[in-house]
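Here the structure is laid out as structure tokens; the discussion comes afterwards.
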Amino acid sequence: MQIHMSSFSLPTSTPKPKRKPFRPIIASSFSISDQDLQSRGFTQHRSSTDLDLDALNTVFARVGFPRRDLTRIRRALDHSSSLLWLSHSKPGEPVAFARATGDGVFNAVVWDVVVDPSFQGIGLGRAVMERIVADLRGMGIVNIALYAEPRVIGFYRPLGFAADPDGIKGMVFSKKNIINRTS
Amino acid sequence: MLRSSLVASSSSICQVHLPACHSKSPNNSSYFRQMRDEAPTKMIWREDCSFSRKRRIELCPLKAGFWDSIRSGFLKNNNTQVVETPTSLLEDEEPLPQEIVLLERTQSDGVVEQIVFSSAGDVDLYDLQTLCDKVGWPRRPLSKVAASLKNSYLVATLHSITRLPDAEGTERKQLIGMGRATSDHAFNATIWDVLVDPSYQGQGLGKALVEQLIRALLQRDIGNITLFADSKVVDFYKNLGFEADPEGIKGMFWFPRF
């Protein structure tokens, strides 16, 4: 691959999301196989083309996430490096969802992992997470991170995630932390 | 995770290092007190929960950096000129200029040096490799580094621009710092790979770099700014307004190599 030797500049405008190349997920050891999912009536989707954003917002609300502006959700999905959702009887309506952002080579962060409450407890969250991780690993990314609420730390551990490895802390910027500083 | 490198590291990709930009104890000399009093105050708006209207609060987020730089870099010459930068954290202000001069100083030989922050992402891959070598980070394939920059939402740089006092005013531009953020362009951003050239550390430049990066992200209406910090730099980021484990939410990594 040719590398630019001279100064490397980024385009000033936001690049339009391109059609993603097909990346087969190597299903070596998923806890629920693709056939199992299919036989139970679940369809896997790896693009957001057929996704009903309003239905996604509803699932977010059902699990306690905030509902968000649909235009922004659309933009977030278009700029996620990987996403996966499962539908059941109602096409376009997600029963499980996860997406990841990142630079496509070194780092990725997984966001918005949700399973509709009426479909929880049967392994769909695990199914979605295993596939997202496999997809990211297929891109060569090994640094996969996420932010876990206390009650779901136990969910991510058996999936191979460790909290605060070597003392590394997840941190979030808080505008309210900007306090009056005197010189 | 975030690699924030201000001292040499070992080869682990996940290692991050002590920042040198801590605020030091105040200098009480009259020169510095005068500079401090004359520095313009910066304003931000903050919604106060106990009142229905917004209240102005004075804030000088870059002051510590400026004073650090004055203390460490300027003691030997009297031609210091501290260049003002707009530092209010309004989200509805005019678009930030892509380039901001953080400081300017004249050396005794007449050479003028400017430290410039830029969010334009103009990074020469070989300059970046040299910088990473200086802080001791392991080399990564240039093609991958190029891709990681291209796929980043924001790439911020610090350059030192020196201008010689000769007839042509010859300029030399050197990359001395970098930081980048990935994002979904709507809700979340994660900051990675913050580094400052060791010979420019200790002057508050890492702090200024991250502050400007945050401002640029807030300007683009990204509400959730995150990062993963090595234990040694947690305090550095706390001082910049980051909170570790907010509401008990933990950063987790997939099979980290430790």
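With crowded, with 23+ Cβ neighbours inside 10 Å, at the interface with chain B (Cβ under 10 Å from one of its Cβ atoms) and not in a strand (DSSP E or B) as the only criterion, which of A:Val133, A:Val128, A:Val110 stands out?
Among A:Val133, A:Val128, A:Val110, only A:Val133 is crowded, with 23+ Cβ neighbours inside 10 Å, at the interface with chain B (Cβ under 10 Å from one of its Cβ atoms) and not in a strand (DSSP E or B).
B:Lys173 meets each of the listed conditions (1) within 19 Å of the chain's Cα centre (by Cα); (2) touching a residue at least 24 places away in the same chain (Cβ under 8 Å) apart from (2). Each residue in the range A:56-67 was checked for being modelled with pLDDT of 95 or more and either over 12 Å from A:Asp116 (Cα atoms) or buried (at least 17 other Cβ atoms within 10 Å of the Cβ) (or both), and 4 of them qualify.
Taking residues in the range A:56-83 that are touching a residue at least 12 places away in the same chain (Cβ under 8 Å), and partners anywhere that are part of a loop (DSSP other than H, G, I, E, B) and not acidic (Asp, Glu), the pairs with Cβ atoms closer than 6 Å and at least 6 places apart or on different chains are A:Asn57/A:Arg67; A:Ala76/B:Ala186; A:Ala76/B:Phe187; A:Leu77/A:Ser48; A:Asp78/A:Pro17; A:His79/B:His185; A:Ser81/A:Gly104. Of the residues in the range B:141-150, none is closer than 20 Å to A:Ile144 by Cα, buried (at least 23 other Cβ atoms within 10 Å of the Cβ) and free of Cβ contacts under 8 Å to residues at least 24 places away in the same chain.
Is it the case that the range B:126-134 has a residue that's buried (at least 18 other Cβ atoms within 10 Å of the Cβ) and of a type in the set (D, E, K, R)? Within the range B:126-134, one or more residues are buried (at least 18 other Cβ atoms within 10 Å of the Cβ) and of a type in the set (D, E, K, R).
So is A:Thr101 more than 16 Å from the chain's Cα centre (by Cα), at the interface with chain B (Cβ under 10 Å from one of its Cβ atoms), within 18 Å of B:Asn224 (Cβ to Cβ) and at pLDDT 95 or above or not? Walk me through it before giving the result.
Values: more than 16 Å from the chain's Cα centre (by Cα): no; at the interface with chain B (Cβ under 10 Å from one of its Cβ atoms): yes; within 18 Å of B:Asn224 (Cβ to Cβ): yes; at pLDDT 95 or above: yes.
No: the conditions fail for A:Thr101.
Residue check: is B:Ser152 closer than 30 Å to A:Val142 by Cβ and part of a helix (DSSP H, G or I)? No, not satisfied.
To keep it simple, each residue is scored yes or no on (1) closer than 21 Å to A:Lys175 by Cβ; (2) modelled with pLDDT of 95 or more.
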{"residue": "B:Leu209", "(1), (2)": "yes, yes"}
{"residue": "B:Lys232", "(1), (2)": "no, no"}
{"residue": "B:Asn239", "(1), (2)": "yes, yes"}
{"residue": "B:Met252", "(1), (2)": "no, yes"}
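For the range B:173-189, filtered to residues that are under 27 Å from B:Ser160 (Cβ atoms) and not hydrophobic (A, V, I, L, M, F, W, C), the residue that is nearest to the other protein chains (Cβ to nearest Cβ) is B:Thr182.
The set of residues in the range B:235-256 that are without any contact (Cβ under 8 Å) to a residue 12 or more places away in the chain and at the interface with another protein chain (Cβ under 7 Å from one of its Cβ atoms) comprises B:Glu243, B:Asp245, B:Pro246, B:Gly248, B:Ile249, B:Lys250, B:Met252, B:Trp254, B:Phe255. Within the range B:151-175, can you find the residues that are crowded, with 17+ Cβ neighbours inside 10 Å and of a type in the set (Gly, Ala, Ser)? If the condition is that a residue be crowded, with 17+ Cβ neighbours inside 10 Å and of a type in the set (Gly, Ala, Ser), then B:Ser152, B:Ala156, B:Ser160 are the ones that fit.
Report, by residue number, each residue of the range A:140-166 that is farther than 17 Å from B:Trp192 by Cα, at the interface with chain B (Cβ under 7 Å from one of its Cβ atoms) and assigned to a helix (DSSP H, G or I). Those that are farther than 17 Å from B:Trp192 by Cα, at the interface with chain B (Cβ under 7 Å from one of its Cβ atoms) and assigned to a helix (DSSP H, G or I): A:Pro150, A:Ile153, A:Tyr156, A:Asp166. Restricted to the range B:184-212, and to residues there that are aliphatic (A, V, I, L, M) and closer than 18 Å to A:Thr101 by Cα, the residue that is surrounded by the fewest Cβ atoms within 10 Å (Cβ to Cβ) is B:Ala186. Would you check which residues across the range B:121-140 are in contact with a strand residue (DSSP E or B) (Cβ under 7 Å, 6 or more places away or on another chain), assigned to a loop (DSSP other than H, G, I, E, B) and free of Cβ contacts under 8 Å to residues at least 60 places away in the same chain and list them? Answer for the range B:121-140, where residues must be in contact with a strand residue (DSSP E or B) (Cβ under 7 Å, 6 or more places away or on another chain), assigned to a loop (DSSP other than H, G, I, E, B) and free of Cβ contacts under 8 Å to residues at least 60 places away in the same chain: B:Gly121, B:Asp122. No other residue among A:Ile179, A:Ile141, A:Ile122 is at pLDDT 95 or above and within 24 Å of B:Ala229 (Cβ to Cβ) apart from A:Ile141. When A:Thr101, A:Thr71 are screened for being of a type in the set (S, T, N, Q), buried (at least 21 other Cβ atoms within 10 Å of the Cβ) and not in a loop (DSSP other than H, G, I, E, B), only A:Thr101 passes.
The values are calculated or read from the model by the stated rules, or taken from the named source; none is laboratory data. What you see is a predicted model; the values in this text were computed from it and never measured. FYI the Cβ positions are ideal-geometry reconstructions off the backbone, even for glycines, and counts take in every protein chain you see.
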